[in-house]
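Remarks on the structure that follows.
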């Protein structure tokens with residue numbers, strides 16, 4: 001089990017390691033999650049302390065999604081893609 | 001290809017699936033379940049073949065657009081009303097994957113002599129079933145690049 005912050009962005013649900021998150025800041029166009037690596041953009045934060053069973057993403061996700069995925073999990077019935085603040089997909093990157 | 005993958009010398013039992021204007025035959029020993037279309041959560045930036053992720057029996061699985069995978073023209077029911085959950089990848093690293101399709105039709109027996117081999121990729125062969133060309137899928141190749 002991993003302790004994650006779960007957020008939504010671009011129609012997807014994303015997870016960040018709880019230990020990597022410093023604070024959540026409201027901005028004019030949404031939220032920004034502050035991490036040691038910089039800001040992560042979010043539409044909403046669903047959970048700040050979700051204990052989730054994270055498993056490897058598998059070869060199919062790796063083949064068809066160019067982002068760096070640390071794992072996948074289920075949060076409240078919906079899939080979560082766990083990412084590193086140091087290697088964010090474009091949809092999560094602050095401009 | 002060996003008999004465990006459903007493509008050996010003995011006849012192959014396969015689930016016949018309609019997607020776009022194509023028929024696809026999925027080795028039955030690779031089919032986990034056919035369900036009504038799973039609710040798919042998109043993965044921004046993914047290739048068009050990857051519709052997103054879905055929850056299946058409490059686990060996240062990728063869902064692929066079968067028509068796009070095989071290059072099938074759009075058919076009469078492009079909404080993909082069913083998801084065929086299959087085991088993809090090699091036996092020692094298999095994973096569950098959803099294939100969004102138009103319909104699961106029937107289970108058929110395919111004689112190896114009737115199959116025209118197509119190559120090492122996802123479409124492992126072609127066969128005519130009921131007068132319609134049918135792609136015989138090699139799901140072992142699905143996870144490889």
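Take every residue in peptide A:79-92, count the Cβ atoms of other chains within 10 Å of its Cβ, and give the average of those counts.
The shielding value for this peptide is 2.
Is the protein assembly as shown best put as rounded, prolate or oblate by its Cα gyration tensor, with a ≥ b ≥ c the root eigenvalues, rounded for a/c under 1.5, and otherwise prolate when a/b is larger than b/c, oblate when not?
Cα axes put the protein assembly as shown in the prolate bin.
For segment B:12-141, what's the relative contact order in percent, using C-alpha pairs closer than 8 Å and at least 6 residues apart?
Rounded, it is 30 percent for segment B:12-141.
Using a simple spin-label model with points 7 Å from Cα along the Cα→Cβ vector, what separation in nm is obtained for residue B:109 and residue B:11?
Calculated label separation equals 0.2 nm.
What does the structure give for B:58-71 when I average, per residue, the other chain Cβ atoms found within 10 Å of the residue Cβ?
Average neighbour count from other chains, rounded to a whole number: 3.
Other chains' Cβ within 10 Å of B:49-55 residues: what's the mean?
Counting other chains' Cβ atoms within 10 Å and averaging over B:49-55 gives 5.
Say R0 is 22 Å: what FRET efficiency, to the nearest 0.05, do residue A:55 and residue B:33 get from their beta-carbon distance?
Between residue A:55 and residue B:33 the formula returns 0.70.
Give me log10 I(q)/I(0) at q = 0.18, 0.22 Å⁻¹ for segment A:2-87, Debye formula, one equal scatterer per alpha-carbon, no solvent.
Once normalised to I(0) and log-transformed, intensities are -0.73, -1.07.
Could you work out the helix-only [θ] at 222 nm for chain A, with each DSSP H run of four or more residues adding -39,500 (n - 2.57) and the total divided by the number of residues, to the nearest 500 deg cm²/dmol?
-1500 deg cm²/dmol
What translational diffusion coefficient, to the nearest whole µm²/s, does segment B:17-83 have by Stokes-Einstein, given a Kirkwood radius computed over alpha-carbon pairs, a temperature of 4 °C and 1.567 mPa s viscosity?
It comes out at roughly 101 µm²/s.
Rounded if a/c is under 1.5, else prolate if a/b is larger than b/c, else oblate: which is segment B:75-117, with a ≥ b ≥ c the root eigenvalues of its Cα gyration tensor?
Since a/c reaches 1.5 but b/c is at least a/b, the shape of segment B:75-117 is classed as oblate.
Taking the Cα atoms of chain B, what is the range of coordinates along each of the three principal axes, in descending order and whole Å?
Here the spans come out as 42, 37, 25 Å, largest first.
Throughout, read-outs are computed from the coordinates displayed, never taken from laboratory work. What you are looking at is a predicted structure, and each value in this text was computed from that prediction instead of being measured. Virtual Cβ from ideal backbone geometry, glycine too; neighbours counted across all protein chains shown.
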